[in-house]
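**Student:** The structure under discussion is supplied below as structure tokens; questions concerning it will follow.
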Amino acid sequence: MRNLLYYVLISSSFAAISCDNANSAANDVKNLQDTLPPVESQKANTLYKPAFDGQTRAKGVSTTTPYEGVVIADGLKSPWGIAVLPDGRLLITEKEGVLRIVDTSGNISDAITGLPTVDPNGQGGTFGIVLDPNFKSNRIVYWAFTHPEEGGNQTAVAKGRLADDEKTIENSSIIYKAGPVYNGKLHYGGRLLFDKSGNLILTSGERSDLETRPQAQDLKSAIGKIIRITTDGKPVAGNPFENDNNALPEIYSYGHRNPQGIAFHPETGDLWATEFGPRGGDELNRIEAGKNYGWPTITYGIEYSGQAVGNPPIQQQEGMEQPVYYWDPVLSPSGITFYTGDVVPEWKNDLFIAGLSSTHIARLVIDENNKVVGEERLLAKEGQRFRDIVQGNNGELFTITDGGRVYKIAKK
Ligand SMILES: [Ca+2]
């Protein structure tokens, strides 16, 4: 409360003196808007108590800069991941194993082929995609997907060269598989990100079933993990478990359920991740090397059947990290991005999350103590399952939907 009063006072005095600095004015507005009620008003699924104030149902915020989300393209087939090409066009994965390029006017290319075969059943298919840091010279891209195997499938990462004519991926090769192989079709994770040292971060889901779920706590298994590998798919030197004979050296963090969103905070450089929890247990976490994020031992959600998770169900345990934020009811958080543009200054450093079942984009304001202090829903009237969101080269946001649309979100 004291902080809030402080912000209001500061904001008022700024307003009284001058508003000629757009960033200050935007920050004033952001802080003043913290007085709105939480965006979530539905009944929670559980009576579990959060570990700290603001861990769920933060105050509402409302963007004051006029903005709009416009459909620039429609007709993609289950798009999943977006990478922004140097010239601003969007390189997009489609679930069934091809890529397409969509330009900022919305023109959709023919399918780009040459990727390894995927298992597209259930939640499987082609997932996140990233450009090599030296893409301009080598045209290499990396993507995650469901690799079909004898007896099942697993999340894998491949790389290849985008041909000069942009019709195929040349020399594609599989560089990493997050085993073990399992015969299921749920919870693959599948988002990819480059870190500053030029290594790849991959999210790996725990495959959902009661049989595989405990492996999220098993350091000999790559499922239910965040993985850090080189561009050749090898464990990165300095990974937290590299000297542990009872752990896979590619593991970066563990105890995850189905993480599909990862991004680095533009100022702190911290890694943030969202994951699908059970009913009422979707999470936002700040990821630190070697830490245990708790699934399936601790969670704020319950099974979709209505049963508790664990007997007795627990939400907090020593040695396991608390989520920075959780949603009950769920958001279904898929791709995420921090905003670094200038088009909407009040969005600077805010986290944008593509929501599936919630059918909106969540905007979270995160303060210098890594706490969520504001939440807003964008494009909620569109009724779309949002799958990924990225920032374009001109400070706009682009988001894709399971139904095949590409939206551009920009100043009106
Ligand atoms: Ca957790």
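The values are calculated or read from the model by the stated rules, or taken from the named source; none is laboratory data. Note that this is a predicted model, so its numbers are computed, not measured. Positions of Cβ are generated from backbone atoms using ideal geometry, with glycine treated the same way; all protein chains shown enter the neighbour counts. Just the protein is used for accessible areas: all its heavy atoms, side chains included, with ligands, DNA and RNA removed. Shrake-Rupley method; radii C 1.70, N 1.55, O 1.52, S 1.80 Å.
**Student:** Between a residue in region 186-214 that is of a type in the set (Lys, Arg) and any residue that is crowded, with 24+ Cβ neighbours inside 10 Å and in a loop (DSSP other than H, G, I, E, B), which pairs come within a Cβ distance under 6 Å, given they are 6 or more apart or on different chains?
**Tutor:** 207/187; 207/223; 213/206
Okay, residues lined up against (1) surrounded by fewer than 17 Cβ atoms within 10 Å (Cβ to Cβ); (2) closer than 16 Å to residue 206 by Cα:
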site: 255; (1), (2): no, yes
site: 281; (1), (2): no, yes
site: 290; (1), (2): yes, no
site: 300; (1), (2): no, no
site: 307; (1), (2): yes, no
site: 311; (1), (2): yes, no
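**Student:** Would you check if there is a residue in region 321-335 being away from the ligand (no atom under 11 Å from the Cβ), open to solvent by 10 Å² or more (accessible area, probe 1.4 Å) and either without any contact (Cβ under 8 Å) to a residue 12 or more places away in the chain or of a type in the set (A, V, I, L, M) (or both)?
**Tutor:** Among the residues of region 321-335, at least one is away from the ligand (no atom under 11 Å from the Cβ), open to solvent by 10 Å² or more (accessible area, probe 1.4 Å) and either without any contact (Cβ under 8 Å) to a residue 12 or more places away in the chain or of a type in the set (A, V, I, L, M) (or both), which makes the answer yes.
**Student:** Sticking with this structure for a sec: How many of the residues in region 182-206 are open to solvent by 60 Å² or more (accessible area, probe 1.4 Å) and closer than 22 Å to residue 230 by Cα? Break it down into steps so the answer makes sense when it comes.
**Tutor:** Taking region 182-206 and keeping what is open to solvent by 60 Å² or more (accessible area, probe 1.4 Å), we get 183, 185-186, 196-197.
Narrowing the set further to residues that are closer than 22 Å to residue 230 by Cα leaves 196-197.
Number of matching residues: 2.
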